[in-house]
Structures are given as structure tokens and as C-alpha cells.
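Here is the structure we will look at, set down as C-alpha cells.
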């Protein structure tokens, strides 16, 4: 099975090269985005919405894109034609995702350009990449560490994305293909129960308490609220300093969440026990997860305080699942998704519906009477369902 990993590498850019990259980013953004980036882009406005085939879309709007957005009047017209083609490919990919989620394509973020093998190349001997810009082909040196070098060594990447970050630095996100091992045969499962009191609780007994995480997230929420009030009420110098501080804080909570999700999926936890993928690999088990699609929509219908609503809606469970799935594939561990109905309310020993009160679960079956941690019971129930799904007993 082929797996694509994205390796983010910083570019060493001189002043003339920075101007060429900015011109390329502007041309690509103008084709993708309407003025101010608040409305659907030109191609999406003028091409039938039902077209999701990149070749068909390209045949309809390719020449117009090159003429409108400065991707034709240049001596390096052939490579620039490839850049123009990426606009249509980016749109058709977004339309396919939008159709799956039953919603329209609204807009795109600016500050990126997608590349394929004809307008991008990587050279390992001097750790450089070659990119097509609106002013010709340019070669850039990579400013990377041992992790990026280890992933890129011996690779032949075929695609990349140029990204300009808010601080003005330029990064190239290189897609590296690798062969993932076939999942090992497993007869047992490690169930994972997700929640707010414990971010994740496994059937092996490992758990990651959310108390400290919630403290960090609440701190950022209070700080942002206080600064935003001062931006509207303070003096001119106070407003300026608050805006600068908000700019520095931008993305810090998101990066914190990504770091925690990475740690839970593969690293070593604070209790010196193996994390989820490593534990499943060591015990020759598959990993069973609940299908939580639509969880936020269902929980938001309940009456809750503003703080509780923010805590539930702000944690990136979908990102955590993506991290877990791609790392499990690299380790040769199978991941299955089980039905979410009743695993936390069912006793994992006798399969009777029990009573759950907060973190405690009690089985009402007189012949069983199991009592203990509710999240541990739910994780064990998910593990049982995972084995049944793996054997084909459940859809």
C-alpha cells in the first residue's frame, strides 16, 4: 500500500527570489480568489458547478486563466502553463470534497501554490528544490534538520505545495511516497474511547487526562478575550500593543493541540506507558475507534453553558484520528471504525445496559455487578466491537 507523507521544509530565499515567489503567489491567488478573497474565485463563478473532472474543466477555462492572470506573457510559457493547470486541478479537488459533504465551494486561503513533477524538482546532492515562478525557473536551498533529511533521502517526490506563512517565511511542503507494510493479522483489538475528561482512554488502561489540557486552553481563551476587549476600548498605543500580542498568539493553541495529538498517537505518555500505536504494535492488536461523524451537531443540540460548548467544539478529534490512522498504517497496524451506539452504556463483561454517572459505571446485572471507570468500560466495549467488525460479524 502506497502512503504519501508531507514533509514541510523551510526555503532559504534571497530578496530577488522573494519578489518572484510573491508574484507567483499573487497570480495563483488571483485565479483562485475573488477580490478580498471573500467570494468564490473566478473559475468557480464562470464554470458549471457540476464539472469535477480536471481535464474537462481545463479545456474550458485554460486559455482564459493564462490571459487573465499573467500566466502566459513570459518566455517560460510552457512551465507557466503547468502552473495555470494547477488552478483547475485545485478547484476540481475542492468540488469533489464539497460534494461528499453536501455543501458548495466557498473560497480558498491565499498564500499557496501547488506544483507537480513538471514544474517542481528536488535534488538531494545539494538539498535544493527547483520551482517555476512567473519570472522563470528558480532554485532554492532547503533549511532542514535531520528529520526532513531522513525522510527525503532516496526519495523522488512528484508533488509539492509552496506556502508563505504569516511571518513572511516561505516553506515547501513536499509529498513523499512510501510503501506502507500490510497490516498484521490480529485476533484482538485495542479499543479507544474519546472524551473530554480523558482525551483518550484505551482498553489496555492507558489514558490521557484532559484537566491540564483544559487549563491551557482556558488560559488562551481568557487571554484572547481580554486582549480583544482592550483592542476596542484602550488608548491608541494600547490597541496597537494588543493587536501585536494577538498576532503573536495566533495559532499557538492550534499548535499545542497538534502536539498533544501527536504525542497521544505515537509518543510516550507522561506515565511512561506506551502510546496507542506503539501499544497495539507491541501486543499484535488492531485499533478500534468509534465513528464520531456528526458528534458536534448532536451534542450542540443539548443545553450547555458557553464554556462547555467551547471546550467540546474546540478540540481537534478529527485531526487526532488522522494522525492515528496514518501512523498506524506506517506501523502495519489495522484501524477499524465501530458503530458509536451504546458502547459506553453497555457492560463489557455481560453486555447488559448499565448505569453511568460521570466517570463511574455500574452494571445492573445481578450475576455480574461490575463497577469501575466508565471510560475504561467504554474502551473495552469498543474493543469487543472492533473484533466483531474485523471478523465481518458487523458492518
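What follows is calculated from the coordinates using simple rules that are stated; it is not laboratory data. All of these numbers come straight from a predicted model, not from anything done at the bench. All Cβ positions, even for glycine, are placed from backbone atoms using ideal geometry, and neighbour counts span all protein chains on display.
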### Summary
For the pair residue 222 and residue 254, the simple spin-label estimate (label points 7 Å beyond Cα toward Cβ) gives in nm 2.5 nm
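Given N residues in region 189-390, what is its alpha carbon radius of gyration divided by 2.2 N^0.38 Å? Provide the component values of the computation, followed by the final result.
Working: Rg = 19.8 Å, N = 202, 2.2 N^0.38 = 16.5 Å.
Taking the Cα Rg and dividing by 2.2 N^0.38 Å, one obtains 1.20.
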### Task
Using 0.36 nm per residue of separation minus the Cα-Cα distance, give me the extension gain between residue 313 and residue 173 in nm, one decimal.
47.6 nm
### Message
Please compute the contact order of region 189-390 in relative form: average sequence separation of alpha-carbon pairs under 8 Å and at least six residues apart, divided by the residue count, as a percent.
### Response
27 percent
## Note on the structure
Quick calc: nm separation of the 7 Å Cα→Cβ label points for residue 116 and residue 236 -> 5.3 nm
### Query
How do 2, 132, 293 line up, fewest other C-beta atoms within 10 Å first?
2, 293, 132
### Message
Can you tell me what share of the DSSP beta bridges in region 189-390 is antiparallel? A percent to the nearest 5 is fine.
### Response
60 percent
### Query
Which of the peptides 142-153, 340-351, 280-291 is most tightly packed, and how do the rest follow, judged by the mean count of other Cβ atoms within 10 Å per residue?
280-291, 340-351, 142-153
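Among 116-128, 238-250, how do they line up by average Cβ neighbours within 10 Å per residue, starting with the highest?
Details: 116-128: 14.8, 238-250: 13.2.
The packing order, highest mean first, is 116-128, 238-250.
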### Query
Using 7 Å Cα-to-Cβ label points, what is the residue 165/residue 246 separation (nm, one decimal)?
2.2 nm
